[in-house]
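This report concerns only the one structure given below.
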Amino acid sequence: MQPADHDALTAALVEWAERADGVLGLVLLGSTAGTAHRADDWSDHDFFVIAEADAAPRLRASTAWLPVPPARIVLHERDTEHGAWVVTDDGHLLEYAVFTPEELAESRSDAHRVAVDRLGDLPERIRPTLVPPSRDPGTVATALLRALLVGGGRAARGERLVARRHLLEAAGGVLVLARLLEPAVSPVADAQDPWRRAERTHPALAAELDAILARSDARAAGDLAALAERVAGASPWWPAALSAAVRRRLTAARGPERSARA
């Protein structure tokens, strides 16, 4: 969807929310909000609808209220208790959730804009949802090392696809630790998801992770373990003994992998 068309659909959503019965507010999210970053050709629509308790189930179950011609909707699916997603015939994605005012506390948000506020206090209600989930760095570190231990072993057996899954889990842990140790100050940083726009918030780290994950072999697991230690190894909570044991095991795993390929 072209940015101008994206903006037009956003404006139509705002106009609907200002007049619709049972609708108390509209919160635009991500690029739809147009705050930290603008929509481009690949942006979808993300938003929350705040509704009265008797209107919320109807809005979740139907797409009749969306400012999109019904014939253009190729999929509408509920994916959470409050949320749904819609795909149009040109591949445009709309992801949204419908909350009552009391349920809004269950949501999680980052870049956002309150576009319609018929309650009068939506900014105050949404503020607690902006706090990212609390993560214990020591637990993140042990989890990523465990993922590398398993992933390296799978890679040594030649099971590269499942190895990649574990390496991705470990890479996510590295990104979390990097964010905890060096918080991103860029306005494009996503407080809820450290993977988002990592190429702009931590460019050098993102480039290294991208190169390692492209291989997904036992050597990649070892390189990822070394990178994790470089990022967080000086921290008092870093599990040094576990890290050393995992790295020794991953070094040993490189030999069987080479033999399996020969």
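The values are calculated or read from the model by the stated rules, or taken from the named source; none is laboratory data. Computed from a predicted model, the values in this text were never measured in an experiment. So basically every Cβ, Gly included, is an ideal-geometry build from the backbone, and we count neighbours across all protein chains shown.
Assorted remarks:
- Here the stretch 199-233 is the region considered, the condition is being in a loop (DSSP other than H, G, I, E, B), crowded, with 17+ Cβ neighbours inside 10 Å and of a type outside the set (D, E, K, R), and the residue that is modelled with the lowest pLDDT is Ser216.
- The residue that is farthest from Ala105 (Cα to Cα), counting only those in the stretch 16-56 that are among the charged types (D, E, K, R) and out of contact with any strand residue (DSSP E or B) (no Cβ under 9 Å at 6 or more places or on another chain), is Asp41.
- Of all residues in the stretch 205-246, exactly one satisfies the criterion of being in contact (Cβ under 8 Å) with a residue 24 or more places away in the chain, among the charged types (D, E, K, R) and in contact with a Leu (Cβ under 9 Å, 6 or more places away or on another chain), namely Arg219.
- Restricting attention to the stretch 57-113 and to residues that are among the hydroxyl-bearing types (Ser, Thr, Tyr) and under 23 Å from Ala20 (Cα atoms), the residue that is surrounded by the most Cβ atoms within 10 Å (Cβ to Cβ) turns out to be Tyr96.
- Which listed residue is assigned to a helix (DSSP H, G or I), of a type in the set (D, E, K, R) and either without any contact (Cβ under 8 Å) to a residue 60 or more places away in the chain or farther than 17 Å from Trp238 by Cα (or both), from Arg135, Arg196, Arg165: Arg165
- Search result, residues across the stretch 143-175 that are β-branched (Val, Ile, Thr) and crowded, with 20+ Cβ neighbours inside 10 Å: Val174
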